[in-house]
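FYI, it's all coordinate maths here, none of it is from the lab. What you are looking at is a predicted structure, and each value in this text was computed from that prediction instead of being measured. Glycine gets a Cβ as well: all are built from the backbone with ideal geometry, and neighbour counts include every protein chain shown.
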Amino acid sequence: MNAQALQGWRTVAHFAAHPPPADWRDDLARRIGRRPRRVGVWTELAMYGARCCLDAAGEPALPAGARIRVASRRGAWGATHAGLAQLDAGLPMPFTFMQSQPALMLAEVGRCLDWQGDASFMLCRDPQRLLQLATLGAAPEGLLFGVVEEERDDEPPCTEWWRLVAA
């Protein structure tokens with residue numbers, strides 16, 4: 001994706017980890033001052049990438065008028081797969097089910113950025129349209145946009161984020 005070519009927006013910071021470094025979880029805990037609890041890997045990857053991008057932008061917190069948009073091809077694949085397997089085994093609705101919900105991820109990302117506002121999750125398989133869709137209706141304070149994928153088969157995990165403001 002080419003965020004620089006997005007008309008009307010300026011890239012303030014870009015962060016990409018394809019895959020994240022081996023110590024990324026320790027780095028996340030250091031950046032946010034705590035270890036995340038009861039969240040899945042997908043949420044942790046989103047928190048890590050979002051915080052690193054905001055740090056690269058030199059912003060201690062995302063401005064209140066900005067929005068967060070997160071995209072993925074599969075969402076919380078590991079938690080979804082584990083939750084369905086537990087359900088098939090006859091277990092009651094597992095806690096893993098909560099970890100599969102994009103709303104939980106969005107809440108945790110907002111929490112680690114000390115931010116509340118307009119956040120949403122997008123499924124879009126056309127990478128050329130992702131940023132276009134994410135910027136629709138965004139305020140001048142801009143947006144924090146990320147693409148987050150868990151490890152699956154031969155694909156390593158990745159977290160890639162852009163901090164965009166109106167040009």
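Here are a few things to note about the model shown:
- Distance in nm between pseudo-label sites at D114 and H14 (7 Å out along the Cβ direction from Cα): 2.8 nm
- Each residue of segment 17-22 was assigned a 3J(HN,Hα) from its phi angle through the Karplus curve 6.51 cos²θ - 1.76 cosθ + 1.60 (θ = phi - 60°); the sequence is 9, 10, x, x, x, 4 Hz, with glycine and proline shown as x.
- Estimated FRET transfer efficiency (R152, A61; beta-carbon r; R0 25 Å; 0.05): 0.20
- Overall shape of segment 97-167 was characterised from the C-alpha gyration tensor. The equivalent ellipsoid obtained from it has semi-axes of 22, 17, 11 Å, in decreasing order.
- Applying 1/(1 + (r/R0)^6) with r as the Cβ-Cβ distance of M122 and R31 and R0 = 25 angstrom yields a FRET efficiency of 0.50.
- Value of Rg to Rh for segment 112-153, rounded to two decimals, is 1.00; Kirkwood radius and Rg both from alpha-carbon coordinates.
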